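**Q** One structure coming up, written as structure tokens, with questions to follow.
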Amino acid sequence: VARAIGQGNGIPDLATRESLREYFTAHLTSKAMAAYILKMSGLENAKRVLFVDEQLPNQADYQSALSLIGLKQIYGSNCDVLFPVDYLYEDTERDTAALYGRGFGYTKVLPNDTRGILERDLGNTHPRNSIDLNAYDALVVGSITRNTGLALELLVQFPPGRTIWIHGEDSPPMIEEAQLLRTAGAQVFVRSIS
């Protein structure tokens, strides 16, 4: 692409722009990345997914939020969120300008009807131990770094082979964390590797 643009006047031609758009849509959107994670985990046939990130409702994180958005775009209300994240939905009344990055790219993007039963019926009031984990085909921890204790607790209650951990930090995992990620048995995706 760079060579083709360099040979011209620096502006990609229509065919190049169309190819870039097709590639981006197929591989780089939130929905495409969520589908990739599910496929690489062998969980692409999952019907119901539970998303877990206890920190996300109050501490926005791009990787976790965009992963949840992609899962919601695939599963809609069949993606339940253990700790509801209101600012992702079109009807939020929250001041999104106060969020990390002023909420750019991740706030008010989900239709209201994609809320799962936990978000609709129970809000933030449900006890964790009352959730029937057997109702889910996959469990996704949106930020393993910010939810390590909870993720390990859930790993005892839910099959590791159907559990996905996402390490979306800017820096690679430290040696001890990398060892945990390798030996836990969960399906692990790391954004930054040195």
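**Q** What accessible area per residue, rounded to a whole number of Å², is obtained for the chain using a probe radius of 1.4 Å?
**A** Heavy-atom accessible area per residue stands at 56 Å².
**Q** Before rounding to the nearest 500, sum -39500 (n - 2.57) across all DSSP H runs of length at least 4 in the chain and divide by the residue total; then give [θ] at 222 nm in deg cm²/dmol.
**A** That calculation yields -10000 deg cm²/dmol at 222 nm.
**Q** Counting alpha carbon pairs within less than 8 Å and at least 6 residues apart, what relative contact order, in whole percent, applies to the chain?
**A** 20 percent
**Q** Quick one: among GLN63, GLN73, GLN179, which has the greatest mean-square fluctuation in a GNM of the chain with alpha-carbon springs under 10 angstrom?
**A** Per the Cα network of the chain with a 10 Å cutoff, GLN179 tops the list.
**Q** With springs only between Cα atoms under 10 Å, which of GLY76, GLY105, GLY142 fluctuates most in a Gaussian network model of the chain?
**A** The residue that fluctuates most here is GLY105.
**Q** Dipole of the stretch 4-64 (Lys/Arg Cβ +1, Asp/Glu Cβ -1, origin at the Cα centre): which of ALA46, PHE24, GLY8 lies farthest to the positive side?
**A** So the residue furthest toward the plus end is ALA46.
**Q** Which of the trypsin sites (Lys or Arg not before Pro) found in the stretch 144-194 are loop residues per DSSP with 15 or fewer other Cβ atoms within 10 Å of their Cβ?
**A** Filter output for the stretch 144-194: ARG191.
**Q** OK, next. If you project the alpha carbons of the stretch 76-194 onto their three principal axes, what span does each projection cover, largest first, in Å?
**A** 41, 35, 21
**Q** Something else now. List the residues whose amide H sits under 5 Å from the amide H of VAL188, counting only those 5 or more places along or on another chain, with H placed 1.01 Å from N in the peptide plane.
**A** When sequence neighbours closer than 5 places are left aside, the close amide H contacts are TRP165.
**Q** Another one. Under a 5 Å amide H to amide H cut-off, with H placed in plane at 1.01 Å, what residues pair with LEU110 once short-range neighbours are removed?
**A** It is TYR89, GLU90, by chain and number.
**Q** Sorted from largest down, what three extents in whole angstroms do the Cα atoms of the stretch 11-160 have along their principal axes?
**A** 56, 38, 29
**Q** Can you run phi through the Karplus equation (6.51, -1.76, 1.60; θ = phi - 60°) for the stretch 41-54 and list ³J(HN,Hα) in whole Hz, with x for Gly and Pro?
**A** Each residue's phi maps through the Karplus curve to give 8, x, 10, 5, 9, 4, 9, 10, 10, 10, 9, 10, 7, 5 Hz.
**Q** What does the charge dipole of the chain about its Cα centre add up to, to the nearest 20 debye, if the Cβ of each Lys and Arg holds +1 and the Cβ of each Asp and Glu holds -1?
**A** Dipole of the chain, to the nearest 20 debye: 480 debye.
**Q** Let me ask something else. Within the stretch 78-171, report the chymotrypsin sites (Phe, Trp or Tyr not before Pro) that DSSP leaves as loop and that have at most 14 other Cβ atoms within 10 Å.
**A** Sites meeting the loop and neighbour criteria: PHE104.
**Q** For the stretch 19-178, what % of the accessible area comes from carbon and sulfur atoms, probe 1.4 Å?
**A** That fraction is 52 percent.
**Q** Which of the trypsin sites (Lys or Arg not before Pro) found in the stretch 85-117 are loop residues per DSSP with 16 or fewer other Cβ atoms within 10 Å of their Cβ?
**A** Here the trypsin sites (Lys or Arg not before Pro) that fit, given the DSSP loop and packing criteria, are ARG94, LYS108.
The values are calculated or read from the model by the stated rules, or taken from the named source; none is laboratory data. Everything quoted here is computed from the prediction, not taken from an experiment. Heads up, the Cβs are rebuilt from the backbone with ideal geometry, glycines too, and the neighbour counts pull from every protein chain shown. Note: areas computed on protein heavy atoms with side chains; ligands, DNA, RNA excluded. Shrake-Rupley method; radii C 1.70, N 1.55, O 1.52, S 1.80 Å.
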